[in-house]
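Read the structure below first, then the notes.
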Amino acid sequence: MARVISVSLPMWPIDRRQRQADSTPSAEAPLILVGRVGNRRVVTAACAAAMGLGLRIGMPVSQAQALVPDLRIEPADPRADLEALERFGLWLLQRIAPIVAVDPPDGVVIDVTGADHLHGGEK
């Protein structure tokens with residue numbers, strides 16, 4: 001019987017940015033990433049602090065700015081997010097299991113069949 005782990009990383013773009021900037025999340029300056037859907041600028045990702053203030057993915061940027069005046073706004077970079085996710089998948093492939101698949105935009109699937117004993121068992 002196959003053993004598969006599906007990992008969802010909903011904060012992947014925000015986490016990648018903060019790791020890249022070597023910064024820690026700040027409650028004083030919530031961060032959102034912005035992309036375009038047609039002609040509209042919308043929130044594509046938001047840190048936990050921003051979400052706690054009522055901001056949501058898909059919300060128009062103008063509405064987000066009205067709700068949170070000191071908001072940090074940065075452009076989304078889906079290509080860099082995908083490249084980082086692929087590097088993470090490669091890292092998992094080398095260390096955890098022989099079969100790993102990236103599930104864009106923010107997921108990884110790991111087949112751990114026969115590899116669980118290498119990491120202390122299934123539990």
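The values are calculated or read from the model by the stated rules, or taken from the named source; none is laboratory data. Keep in mind that what you see is a predicted model, and the values were worked out from it rather than measured. Note that we place each Cβ from the backbone using ideal geometry, even for glycine, and neighbour counts take in every protein chain shown. Quick note on the areas: whole protein, heavy atoms, side chains included, nothing else; ligands and nucleic acids left out. Shrake-Rupley method; radii C 1.70, N 1.55, O 1.52, S 1.80 Å.
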Residues in the range 16-34: is at least one buried (at least 18 other Cβ atoms within 10 Å of the Cβ), within 19 Å of the chain's Cα centre (by Cα) and under 30 Å from D111 (Cα atoms)? yes
Restricting to the range 104-123, name every residue that is at pLDDT 85 or above and either aromatic (F, W, Y) or open to solvent by 80 Å² or more (accessible area, probe 1.4 Å) (or both). P105
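Scan the range 87-96 and tell me whether some residue there is open to solvent by 50 Å² or more (accessible area, probe 1.4 Å) and either in a loop (DSSP other than H, G, I, E, B) or under 15 Å from V4 (Cα atoms) (or both).
Step one: filter the range 87-96 for residues open to solvent by 50 Å² or more (accessible area, probe 1.4 Å), giving 87-88, 90-91, 93-96.
Then drop every residue that is not either in a loop (DSSP other than H, G, I, E, B) or under 15 Å from V4 (Cα atoms) (or both), which leaves 93, 96.
For the range 87-96, residues open to solvent by 50 Å² or more (accessible area, probe 1.4 Å) and either in a loop (DSSP other than H, G, I, E, B) or under 15 Å from V4 (Cα atoms) (or both): present.
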Checking the condition without any contact (Cβ under 8 Å) to a residue 40 or more places away in the chain and out of contact with any strand residue (DSSP E or B) (no Cβ under 8 Å at 6 or more places or on another chain), which residue from R56, R79 passes? R79
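Before we move on, is R56 of a type in the set (K, R), within 22 Å of the chain's Cα centre (by Cα) and at pLDDT 90 or above?
Numbers: of a type in the set (K, R): yes; within 22 Å of the chain's Cα centre (by Cα): yes; at pLDDT 90 or above: yes.
So R56 passes the test.
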For the range 50-69, give me the residue count where each residue is in a loop (DSSP other than H, G, I, E, B), over 17 Å from P13 (Cα atoms) and open to solvent by 90 Å² or more (accessible area, probe 1.4 Å). 2
Identify the single condition in (1) at pLDDT 95 or above; (2) surrounded by 14 or more Cβ atoms within 10 Å (Cβ to Cβ); (3) closer than 13 Å to R17 by Cβ that C47 does not satisfy, given that it satisfies every other one. (1)
